[in-house]
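**Q** For reference, the structure I am asking about is given below.
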Amino acid sequence: MSNKELSYKEYNKKSYAVRGNKEKYESKIKPIGGRWNPRMKDGAGWLVPKESLDKLKLIIESVNGSDISNRKQSKFHREESQNNDDSDSNSDSNSDSNSDEDKDEDKDKDGSDDDSDDDSDDDSDDDSDVEDDDVEYGSNIISRNNLLEFDLKQDNQNKAQKQKDEKLKEETRRLQTAERREKEGRQQLEKKEREGREMEEREGREMEERERREKKEIEGREKKEIEGRESEERDGREREEREGREREEREEREREEREGREEERHKEERRKRGKEERVKRDKKEREVFVQAVDLIRD
């Protein structure tokens, strides 16, 4: 920035880069669309739209112009005080020269004339510089007045915009309150409907649970009855089978006993026949022996 308080240059197709003291000039740059960007290349600064170039120039001229005029005024006062000191020193030298010799006085007069000529030339140059400074100072005053008018206009616009924003915020709050109340009403209605649906669903589930339990109990009773009948039938079949097996075993034992008795009877009969045959054979042998004895006797 060198000696300028504010400076600007083209940054991109849409914006200018403005650099200066943020805290000091933020209130002036922000109303014309300036946005502070600490990450810009070549250093932090504001990005100002190109549409606000005229307003930006006014602000920069006012800020930099007032600074230049202040510096020039201080310079002018320093030169004026220096000229006064020079004149005082010349008057002292002139009073001292009056007490010297005539030749020295003449020489001093000639020298003082030369110095006065030089001083007159310097004064004329200073006058021209002062006139230039006055012209520039007047232009700066005009720029400041324009800036003050711009600031006043900007303040009025900001106040009007602020009033619009406040009205908009009030309307927004009113609408939000109405929407919130409407939303709360809908939520309460939805809550009641949801509670009603939940109650109906709960009653439906309880009814289904009761029906399921009753059905289960009925099925359990039917199952027990079926199992009882099947158990009775199974017991009846087992009893019949057992009785059949016992009857068959009894019949088998009886048959075996009968066969055993018959076999015993057959054995007894065979034994009797064998005994009778032995008796007959013994008798026959005795008869033969007797006959043989008789023959021998004879």
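No lab work stands behind these numbers, since they all come straight from the coordinates. The model shown is predicted, which means the values in this text are computed figures rather than measured ones. Here Cβ is always computed from backbone atoms with ideal geometry, including for glycine, and neighbour counts include all displayed protein chains.
**Q** Where a Cα-Cα gap under 27 Å defines reach, which lysines qualify for Lys272, not counting those fewer than 8 residues away within the same chain?
**A** Candidates past the 8-residue exclusion: Lys280, Lys283, Lys284.
**Q** Evaluate the Debye formula for the range 161-212 with equal point scatterers sitting on the alpha carbons, no solvent, and hand back log10 of I(q)/I(0) at q = 0.20, 0.26, 0.27 Å⁻¹, in q order, two decimals.
**A** The calculated log intensity ratios at q = 0.20, 0.26, 0.27 Å⁻¹ are -0.75, -0.89, -0.91.
**Q** Still on this structure, I have one more. Using the per-residue mean of other Cβ atoms lying within 10 Å as a proxy for protection, in what order, highest first, do the peptides 42-52, 217-227, 148-158 fall? Display every interim value, and only then the final one.
**A** Details: 42-52: 16.6, 217-227: 10.2, 148-158: 12.5.
For the peptides 42-52, 217-227, 148-158, the packing ranking is 42-52, 148-158, 217-227.
**Q** Taking the Cα of Glu219, stepping 7 Å toward and past its beta carbon, and measuring to each backbone N in the range 182-211: which are under 19 Å?
**A** Label zone hits: 205-211.
**Q** Beyond 21 Å, what percent of the Cα pairs of the range 181-262 remain?
**A** Every Cα pair in the range 181-262 considered, those over 21 Å come to 69 percent.
**Q** How far apart, in nanometres, would the label points at Arg39 and Val293 be if each is projected 7 angstrom from Cα along the Cα-to-Cβ direction?
**A** Each label point is offset 7 Å from its Cα along the Cβ direction, giving 16.4 nm.
**Q** Still on this structure, I have one more. Of Lys9/Lys164; Lys9/Lys159; Lys22/Lys167; Lys30/Lys169, which ones are farther than 29 Å apart at the Cα?
**A** Pairs exceeding the cut-off: Lys9/Lys164; Lys9/Lys159; Lys22/Lys167.
**Q** While we're on this one: Check cross-link reach from Lys215 to the lysines: straight Cα distance under 20 Å, and skip same-chain residues fewer than eight apart.
**A** Lys223, Lys224
**Q** Here is a further query. Using a simple charge model, +1 on the beta-carbon of Lys and Arg, -1 on the beta-carbon of Asp and Glu, nothing else, what dipole does the range 213-295 show about its Cα centre, in debye to the nearest 20? Before the final figure, lay out the partial values.
**A** On the way: 31 positive and 34 negative charges, 143 e Å.
Using only the charged Cβ atoms, the result is roughly 680 debye.
**Q** What ³J(HN,Hα) values, in whole Hz, does the Karplus curve 6.51 cos²θ - 1.76 cosθ + 1.60 give for the range 211-224 when θ = phi - 60°, with x put for Gly and Pro?
**A** 4, 5, 5, 4, 4, 5, 5, 4, 4, x, 5, 4, 5, 4
**Q** 5 Å is the cut-off here: which amide hydrogens, built 1.01 Å from N in the peptide plane, fall below it relative to Tyr16, excluding neighbours closer than 5 in sequence?
**A** Hits under the 5 Å cutoff: Tyr11, Val48, Lys50.
**Q** Follow-up. In the range 145-245, with Lys and Arg counted as +1 and Asp and Glu as -1 at Cβ, which of these residues, Gly244, Thr172, Met199, has the Cα nearest the positive end of the dipole, that is, farthest along it?
**A** Most positive-ward Cα: Thr172.
**Q** I would also like to ask the following. Can you work out the FRET efficiency for the pair Gln176 and Ile226, with r the C-beta to C-beta distance and R0 = 51 Å, to the nearest 0.05? Intermediate values should be presented prior to the final figure.
**A** Details: r = 71 Å, r/R0 = 1.39.
Approximately 0.10, to the nearest 0.05.
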